[in-house]
Amino acid sequence: MQNCSQEIVQRTELFAWQVEQLRFSGDFYIYNPLQYAWNMHEAYIRKYLAHPVNTLMLGMNPGPFGMAQNGIPFGEVGAVREFLKLDEPIKKPAIEHPSRPVLGLSVQRSEVSGKRLWALMAEHYENADAFSQEIAITNYCPLAFMEQTKHAKNITPDKLPKGERMALEAICDRYLLDLILLLKPTYLIGVGTYALKKLQQVVSGDDRYILGSIIHPSPANPQANRNWQEKTQQQLVALGVWENA
């Protein structure tokens, strides 16, 4: 099986540099875990984005207690340690929000979205290696935006001013397309409707792909707080990603 990890590593290094050149006018802190948590993210690529897969799952952007802490998409700390078995040095952002220090794998709070998503994968697959033969998980935007207030409210990319959002999305679209071309998936699955919309735009008019979405596992999404795992299993079976739940 073709190993594309080196190409993805090199493309992701460029991606990290490109988003770092952008300037934003909002009154918020910006974290780029592809920089300060690069060692962890590179290890994730080399282990879990190394080969073509049947399915690419796409999230939106880093959660404050997941990827923003450790560089792993939906990076709930327990899943990173126990299922993915990754542990690499993590540095600090140049400027930290006082309420959102980067603690790496020492963070005490759990990223609920990541806990739900990775638990689903851990239940379905014998181990993370088996998972990686079929599915790759990544995020559309690598940047986390947090208001300067005490509560450090998460600002999602769709809430940025139009010109700044479009500049960011142009870079993210190109990276996503390149990732799709390298990983050669059949199924493109958005984790939530925003991610699905991005996938639809990037492969518009190309009938090689089967597109769909699953319910976003965030506790802020009312649909996710009752039987998320069961409903998501059913969605993946209905789409053809899995043969059975």
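The values are calculated or read from the model by the stated rules, or taken from the named source; none is laboratory data. Only a predicted model underlies this, so the values are computations on that prediction, with no experimental measurement involved. Heads up, the Cβs are rebuilt from the backbone with ideal geometry, glycines too, and the neighbour counts pull from every protein chain shown. For accessibility, only protein heavy atoms count, side chains too; no ligands or nucleic acids. Shrake-Rupley method; radii C 1.70, N 1.55, O 1.52, S 1.80 Å.
Numbers at a glance
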read-out: The listed residue being of a type in the set (S, T, Y) and under 23 Å from E76 (Cα atoms), out of S204, S218; value: S218
read-out: Residue, nearest to E243 (Cα to Cα), within region 128-145, restricted to residues that are part of a helix (DSSP H, G or I) and not small (G, A, S); value: E134
read-out: Region 146-158 residues that are in a loop (DSSP other than H, G, I, E, B), paired with ones that are of a type in the set (D, E) and exposed (fewer than 13 other Cβ atoms within 10 Å of the Cβ) (beta carbon under 7 Å, 6 or more apart); value: Q148/D27
read-out: Filter result (touching a strand residue (DSSP E or B) at 6+ places or on another chain (Cβ under 9 Å) and open to solvent by 10 Å² or more (accessible area, probe 1.4 Å)) within region 64-82; value: P64, F74
read-out: Any hit, region 45-52, residues being within 16 Å of T138 (Cα to Cα), open to solvent by 40 Å² or more (accessible area, probe 1.4 Å), of a type outside the set (G, A, S) and within 17 Å of the chain's Cα centre (by Cα); value: yes
read-out: Residues of region 97-108 classified as surrounded by 14 or more Cβ atoms within 10 Å (Cβ to Cβ) and either of a type in the set (D, E, K, R) or not in a loop (DSSP other than H, G, I, E, B) (or both), total; value: 3
read-out: Test: L177 is open to solvent by less than 10 Å² (accessible area, probe 1.4 Å), in contact with a helix residue (DSSP H, G or I) (Cβ under 9 Å, 6 or more places away or on another chain) and either touching a residue at least 24 places away in the same chain (Cβ under 8 Å) or assigned to a loop (DSSP other than H, G, I, E, B) (or both); value: no
read-out: Flag if L168 is open to solvent by less than 10 Å² (accessible area, probe 1.4 Å), in a helix (DSSP H, G or I) and farther than 24 Å from V53 by Cα; value: yes
read-out: Output for region 197-239, where each listed residue is farther than 21 Å from N139 by Cα, surrounded by 13 or more Cβ atoms within 10 Å (Cβ to Cβ) and either among the aliphatic types (A, V, I, L, M) or touching a Phe, Trp or Tyr at 6+ places or on another chain (Cβ under 7 Å) (or both); value: V237
read-out: Residue that is out of contact with any strand residue (DSSP E or B) (no Cβ under 8 Å at 6 or more places or on another chain) and closer than 24 Å to E7 by Cβ, where the choices are I215, I189, I171; value: I171
read-out: Output for region 85-116, where each listed residue is in contact (Cβ under 8 Å) with a residue 40 or more places away in the chain and among the hydroxyl-bearing types (S, T, Y); value: S99, S110, S113
read-out: Test: residue in region 144-159 that is open to solvent by 80 Å² or more (accessible area, probe 1.4 Å) and either within 14 Å of N32 (Cα to Cα) or within 15 Å of the chain's Cα centre (by Cα) (or both); value: no
read-out: Restricting region 10-34 to residues that are touching a helix residue (DSSP H, G or I) at 6+ places or on another chain (Cβ under 8 Å), more than 22 Å from A50 (Cβ to Cβ) and polar (S, T, N, Q), the residue that is modelled with the lowest pLDDT; value: S25
